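Let me begin by presenting the structure, written as structure tokens, before commenting on it.
The values are calculated or read from the model by the stated rules, or taken from the named source; none is laboratory data. No experiment lies behind these values; they were computed from the predicted model shown. Here Cβ is always computed from backbone atoms with ideal geometry, including for glycine, and neighbour counts include all displayed protein chains.
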Amino acid sequence: MIKVLFVCLGNICRSPMAEYVLKDMVKKQGWEEEFYIDSAATSTEEIGNPVHYGTRNKLEQEKIVCGNHRARRIEKRDYEIFDYIIGMEKQNIVNIKRILGEDTENKIYQLLDFTKNPKDIADPWFTGNFHKTYEDIVEGLEGFIAYLKKEKQIDKK
């Protein structure tokens with residue numbers, strides 16, 4: 001099983017969007033049993049809060065259900081649980097490493113580093129542009145899936 005944790009600042013916009021989009025992608029490929037997917041925050045400001053209405057609305061437009069998600073903070077034990085800990089921007093990576101410690105097993109990545117266009121995914125809480133965030137996340141997830149196929153961690157269906 002491939003265990004993936006997406007991380008952003010508050011766990012109400014980008015990381016749950018990535019979580020639910022990847023869940024939708026793997027379901028459509030018949031890979032649900034091969035993945036465990038979750039998301040978390042690096043800060044404590046939004047802990048317990050639901051998915052931001054902008055993210056929820058964008059996912060609904062794309063016919064993706066985001067369920068009863070509640071924001072949580074990343075914990076040290078997540079490093080042992082997850083194979084991939086994927087941040088949305090450079091500052092997330094800095095904060096992830098501050099919380100988890102040294103990345104001795106090379107588990108920490110930035111989502112768009114799986115693409116030909118590595119950069120930060122802008123926080124729509126600040127920009128208001130949930131559509132652009134969605135497009136960047138889809139691009140990153142397609143790159144991530146291609147990476148997993150190349151590494152022979154999933155079938156090339």
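Answer yes if at least one residue in segment 115-130 is of a type in the set (D, E, K, R) and in a helix (DSSP H, G or I), and no otherwise. There is no residue in segment 115-130 that is of a type in the set (D, E, K, R) and in a helix (DSSP H, G or I). Filtered by the rule that a residue be among the aliphatic types (A, V, I, L, M) and in a helix (DSSP H, G or I), segment 72-85 gives a lone residue, Ile81. Please determine whether any residue of segment 86-93 is part of a loop (DSSP other than H, G, I, E, B) and not aliphatic (A, V, I, L, M). Looking for residues that are part of a loop (DSSP other than H, G, I, E, B) and not aliphatic (A, V, I, L, M), one finds at least one in segment 86-93, hence yes. Take segment 46-60 and flag every residue that is touching a residue at least 40 places away in the same chain (Cβ under 8 Å) and either assigned to a loop (DSSP other than H, G, I, E, B) or in contact with a strand residue (DSSP E or B) (Cβ under 7 Å, 6 or more places away or on another chain) (or both). Result: His52, single match. From the list Tyr79, Tyr84, the lone residue that is in contact with a helix residue (DSSP H, G or I) (Cβ under 7 Å, 6 or more places away or on another chain), hydroxyl-bearing (Ser, Thr, Tyr) and either surrounded by 13 or more Cβ atoms within 10 Å (Cβ to Cβ) or without any contact (Cβ under 8 Å) to a residue 24 or more places away in the chain (or both) is Tyr79. When segment 94-114 is filtered for residues that are buried (at least 18 other Cβ atoms within 10 Å of the Cβ) and assigned to a helix (DSSP H, G or I), the ones remaining, listed by number, are Asn95, Ile96, Leu100, Leu111, Leu112, Phe114.
Conditions tested, residue by residue: (1) at pLDDT 95 or above; (2) among the aromatic types (Phe, Trp, Tyr).
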{"position": "Tyr84", "(1), (2)": "yes, yes"}
{"position": "Gln91", "(1), (2)": "yes, no"}
{"position": "Thr104", "(1), (2)": "yes, no"}
{"position": "Ile108", "(1), (2)": "yes, no"}
{"position": "Thr115", "(1), (2)": "yes, no"}
{"position": "Ile121", "(1), (2)": "yes, no"}
{"position": "Glu139", "(1), (2)": "yes, no"}
{"position": "Glu151", "(1), (2)": "no, no"}
{"position": "Ile154", "(1), (2)": "no, no"}
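Just to verify a result, which residue in segment 3-45, among those that are of a type in the set (A, V, I, L, M), in contact with a Leu (Cβ under 7 Å, 6 or more places away or on another chain) and not in a helix (DSSP H, G or I), is surrounded by the fewest Cβ atoms within 10 Å (Cβ to Cβ)? Filtering segment 3-45 for residues that are of a type in the set (A, V, I, L, M), in contact with a Leu (Cβ under 7 Å, 6 or more places away or on another chain) and not in a helix (DSSP H, G or I), the one surrounded by the fewest Cβ atoms within 10 Å (Cβ to Cβ) comes out as Ile37.
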